[in-house]
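The values are calculated or read from the model by the stated rules, or taken from the named source; none is laboratory data. Since this is a predicted model, take the numbers as computed values, not measurements. Backbone-built Cβ (ideal geometry, glycine too); neighbour counts: all protein chains shown. Keep in mind that these areas ignore ligands, DNA and RNA; they rest on the heavy atoms of the full protein, side chains included. Shrake-Rupley method; radii C 1.70, N 1.55, O 1.52, S 1.80 Å.
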Amino acid sequence: MSSLKGKDIISALQFERAEVEGLFRLADQLRKEISEKGVLDYAKGKVMATVFLEPSTRTKLSFQFAMVRLGGEVIDFEVSASSLAKGETDIDTLKIIDGYDPDVMVLRQKKPHFPEEIAGMIKAPIINGGDGPNEHPTQALLDVYTIWRELGKVDGLTIGIMGDLKYGRTPSSLSYLLSKFNDITIYYIAPDVLQIREEVLKNIEGKVTYHQVNDVSGVMEKLDVLYVTRLQKERFKDPSEYERLKGSYKIDKEFLSKFKRIPIIMHPLPRVWELDPGVDELPQAKYFEQAKNGMYIRAALIKEVLGV
Ligand code: ASP
């Protein structure tokens with residue numbers, strides 16, 4: 001039986017390495033089955049609720065596509081037309097949705113640690129689709145799944161995580177998931193004011209070798225993966241701080257052409273100005289593949305959580 005059956009998926013720290021590798025293999029198997037049959041019947045009769053209280057494109061859509069490909073049904077909560085506008089609280093809203101008995105609920109909310117706060121009040125297993133700047137565990141699954149597929153392994157790799165490491169939730173979850181593997185080196189590449197949060201370093205201490213640097217040029221040729229992230233504009237308290245930092249790091253083809261060895265380039269997307277579309281034509285550009293991998297790994301996770 002799946003060790004994830006009925007579990008809330010809250011943090012990338014909660015996974016065992018064997019569970020992660022099992023999900024990677026299952027995602028590959030589902031990819032094959034979906035390409036052969038289109039729609040499968042593992043989740044027939046099951047219902048997933050998607051409740052996104054912050055904007056989303058890839059996470060919500062890939063969960064919805066994944067559930068439909070597994071043969072299940074999706075009910076989407078439409079925030080703009082809901083009673084949240086009348087002042088209903090997020091907790092009441094979630095209790096109401098839970099009362100309709102979804103088999104699994106995918107939740108995005110802006111407050112850090114909100115999913116663990118409400119998990120005890122909600123019967124359905126909750127999958128954290130992003131809790132503010134804190135974590136995005138299923139993004140980390142698709143990120144490491146992409147690395148595993150592209151480079152054939154995860155152990156022993158050197159990964160540069162660049163950009164807004166302070167307000168971003170993907171750098172924290174990615175670091176946590178990488179910490180389940182052996183002999184990992186992470187370079188955190190960011191201006192000092194955007195460097196990785198202390199609590200993230202505390203959680204990976206002793207499990208990963210890490211360095212904090214301001215500039216990517218000096219480390220580029222050491223990297224197997226360069227993971228670029230955007231500045232999280234919506235989380236800046238002071239808009240002038242965003243304007244000051246805007247454009248402080250950028251990857252384009254001209255910049256990359258200076259190096260003898262270019263790592264694979266990843267990005268959780270959306271990109272804004274930090275990753276030039278000219279890079280898309282390089283064989284090392286993997287971010288569209290990465291987004292697509294999200295559907296398969298999320299299908300694997302849903303299947304395991306449902307226990308079907
Ligand atoms: N899509 C990712 C997230 O939801 C990355 C981003 O928004 O910058 O965190």
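Residues with beta-carbon under 10 Å from that of Glu234, excluding Glu234: net charge, scoring Lys, Arg +1 and Asp, Glu -1? Cβ neighbours under 10 Å give a net charge of +2.
Between region 129-185 and region 38-88, the alpha-carbon centres lie 24 Å apart. Each residue was assigned an accessible area with a 1.4 Å probe, and for Thr59 the value is about 10 Å².
Cross-link partners for Lys110 among the lysines, with Cα-Cα distance under 19 Å and sequence neighbours closer than 8 places in the same chain left out: Lys60, Lys86, Lys95, Lys166, Lys233, Lys237.
With a sphere of radius 13 Å drawn around the Cβ of Val208, what net charge do the other residues whose Cβ falls strictly inside it have (Lys, Arg +1; Asp, Glu -1)? Computed value for this residue: 0. With no solvent and one equal point scatterer per Cα, compute the Debye intensity ratio I(q)/I(0) for the chain at 0.15 Å⁻¹ and report its log10, rounded to two decimals. So the normalised log intensities work out to -1.22. Taking every DSSP helix (H) stretch of at least 4 residues in the chain, weighting each as -39,500 (n - 2.57) and dividing the sum by the residue count yields a mean residue ellipticity at 222 nm of -11000 deg cm²/dmol. Summed over the residues of region 116-251 and divided among them, the accessible surface reaches 38 Å² per residue at a probe radius of 1.4 Å.
Whole-Hz Karplus values for region 30-43 come out as 5, 4, 5, 5, 5, 5, 7, 10, x, 10, 9, 10, 4, 9 Hz, taken residue by residue from phi with 6.51 cos²θ - 1.76 cosθ + 1.60 and θ = phi - 60°; glycine and proline positions read x. Ordered from highest to lowest accessible area with the whole protein assembly present and a 1.4 Å probe, Lys5, Lys180 read as Lys5, Lys180. Does region 15-103 classify as rounded, prolate or oblate by the C-alpha gyration tensor (a ≥ b ≥ c root eigenvalues; a/c under 1.5 gives rounded; else a/b over b/c gives prolate, otherwise oblate)? In terms of gyration-tensor shape, prolate. Mind running the shape call on region 224-308? Use the C-alpha gyration tensor, a ≥ b ≥ c as the square roots of the eigenvalues: rounded below 1.5 for a/c, prolate if a/b tops b/c, oblate otherwise. Since a/c reaches 1.5 but b/c is at least a/b, the shape of region 224-308 is classed as oblate.
One equal scatterer on each Cα of region 1-152, no solvent, Debye formula: the resulting log10 I(q)/I(0) at q = 0.15 Å⁻¹ is -0.83. Rounded to the nearest 20, the Cβ-based charge dipole of the chain about its Cα centre (Lys and Arg +1, Asp and Glu -1) stands at 420 debye. Of the solvent-accessible surface of the chain, computed with a 1.4 Å probe over protein heavy atoms with every protein chain present, carbon and sulfur atoms account for 50 percent. Evaluating 6.51 cos²θ - 1.76 cosθ + 1.60 at θ = phi - 60° for every residue in region 294-308, the Karplus couplings come out as x, 5, 6, 6, 6, 4, 4, 5, 4, 4, 5, 5, 6, x, 10 Hz, glycine and proline recorded as x. Note on Val39 and Lys123: their simple-model spin labels are 2.7 nm apart, each label 7 Å out from Cα toward Cβ. Overall, region 1-114 carries a charge dipole of about 280 debye about its Cα centre when +1 sits on the Cβ of Lys and Arg and -1 on the Cβ of Asp and Glu, all other atoms neutral. Within the same chain, lysines fewer than 8 places from Lys32 are excluded, and of the rest, those with a Cα less than 21 Å from its Cα are Lys44, Lys153, Lys286, Lys292, Lys303. Summing charges over neighbours of Gly160, with a neighbour being any other residue whose Cβ is under 12 Å away from its Cβ, gives -2 when K and R count +1 and D and E count -1. For region 192-213 versus region 260-308, the spacing of their alpha-carbon centroids is 23 Å.
Mean sequence separation of contacting Cα pairs (under 8 Å, at least six apart), scaled by the length of the chain, corresponds to a relative contact order of 22 percent.
Normalised radius of gyration (Cα atoms, divided by 2.2 N^0.38 Å) for region 119-245: 1.09.
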